[in-house]
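These notes are about the structure you will find just below.
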Amino acid sequence: MKKKRNRRSSPSERDTMRRKYDFSGAKRGVTAARYAEGANVVVIDPEILDVFPDSRAVNEALRALASVIRKQGKRRKRRSA
């Protein structure tokens, strides 16, 4: 017995693109090389966007935090040895 298909399209099949977006001049694969190198996308909570307005600010803060974490990791290794 065949299943009857619902004639209505599922939400994932519907075209949800707004008419105001115009991709007629777009070029395919412009950022593909950058993502192939390894890019991570992180969503920042709205309440801290004033502190991190762009990727440069986020990277500076993470570099500073990373150095602190690395130093703490070295100290822990010495204590346990």
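In region 17-34, the qualifying residues are those that are part of a loop (DSSP other than H, G, I, E, B) and among the basic types (K, R), and the one that is farthest from D54 (Cα to Cα) is R19.
Within region 61-81, residues that are under 28 Å from L49 (Cβ atoms) have Cβ atoms under 9 Å from residues that are at pLDDT 75 or above and among the aromatic types (F, W, Y) in these pairs: A61/F52, counting only partners at least 6 apart in sequence or on another chain.
From the list E60, E47, E37, the lone residue that is at pLDDT 85 or above, assigned to a helix (DSSP H, G or I) and exposed (fewer than 10 other Cβ atoms within 10 Å of the Cβ) is E47.
The values are calculated or read from the model by the stated rules, or taken from the named source; none is laboratory data. Owing to the predicted nature of the structure, the values given are computational and were not obtained by experimental measurement. Positions of Cβ are generated from backbone atoms using ideal geometry, with glycine treated the same way; all protein chains shown enter the neighbour counts.
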